[in-house]
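To start, the structure itself, in structure tokens.
The values are calculated or read from the model by the stated rules, or taken from the named source; none is laboratory data. For clarity, every value in this text was computed on a predicted model and none was experimentally measured. With ideal geometry, Cβ positions are generated from the backbone for all residues, glycine too; neighbour counts draw on all protein chains shown.
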Amino acid sequence: MPVQQLTCAGIGKGHRLAAYTQSEAYLARHGPFQVLPGFSDYLIPALVSRQTGCITGTGNVIPKTIVKLYKTAVAALASGNPQDLQEALKIQDIVSNADWCIVKAGIGGTKLALDLYVQKGLGGNPRSPLPAADDACKAMLAKGLKTAIAYENSLP
């Protein structure tokens, strides 16, 4: 199935693309098509806007949390139950803060987060000319990912 990944963080653009590619005319001519934002910090709004998930670097660091958010949000949107939506929003809050931290840390910081929180040696240093994360980035990750890492580690 063809996929369009949006890394511009434009929820309106994603909505327009998803609405168009889910139209009867488009589907009859081309078949199914997925629109996926490149950030997880607005996954719930993206799902409401007819997008089908996300492709996110943050998922490398907190994969179980991203999956939990997706499944909880999809179930909440299907049920229409306000309590289910509140649970999804709690997880979205955690993911949004973690995603902001990872994006701010850049590739070097993401690789450092992999080494610190997932598996030592998994991230390594980025290829030149990208810089490795410095001590300030390490401190930012420790503070900015604290809640997300605790939540990730609480999941089975």
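Among the conditions (1) modelled with pLDDT of 95 or more; (2) not in a helix (DSSP H, G or I), MET1 misses just one, which is (1).
Meeting the requirement of 3 or more residues that are within 14 Å of the chain's Cα centre (by Cα) and modelled with pLDDT of 95 or more, the helices (runs of 4 or more DSSP H) wholly within region 53-153 are 63-79, 82-113. The set of residues in region 30-52 that are outside any helix (DSSP H, G or I), over 12 Å from the mean Cα position of the chain (by Cα) and either charged (D, E, K, R) or over 30 Å from THR110 (Cα atoms) (or both) comprises GLY31, PRO32, ARG50. From the list LEU69, LEU77, LEU27, the one residue that fits, being closer than 30 Å to GLY109 by Cα and not aromatic (Phe, Trp, Tyr), is LEU69.
For beta carbons closer than 8 Å, sequence separation of 6+ or different chains, a first residue in region 35-52 that is at negative phi and surrounded by fewer than 22 Cβ atoms within 10 Å (Cβ to Cβ) and a second that is of a type outside the set (Val, Ile, Thr) and assigned to a strand (DSSP E or B), the qualifying pairs are LEU36/GLN4; LEU36/GLN5; LEU36/LEU6; GLY38/GLN5; GLY38/LEU6; THR52/GLN34; THR52/LEU36.
Give the residues of region 64-75 that are surrounded by fewer than 19 Cβ atoms within 10 Å (Cβ to Cβ) and touching a residue at least 24 places away in the same chain (Cβ under 8 Å), sorted by residue number. Outline the logic, then answer.
Taking region 64-75 and keeping what is surrounded by fewer than 19 Cβ atoms within 10 Å (Cβ to Cβ), we get 64, 67, 71, 74-75.
Selection gives LYS64, VAL74.
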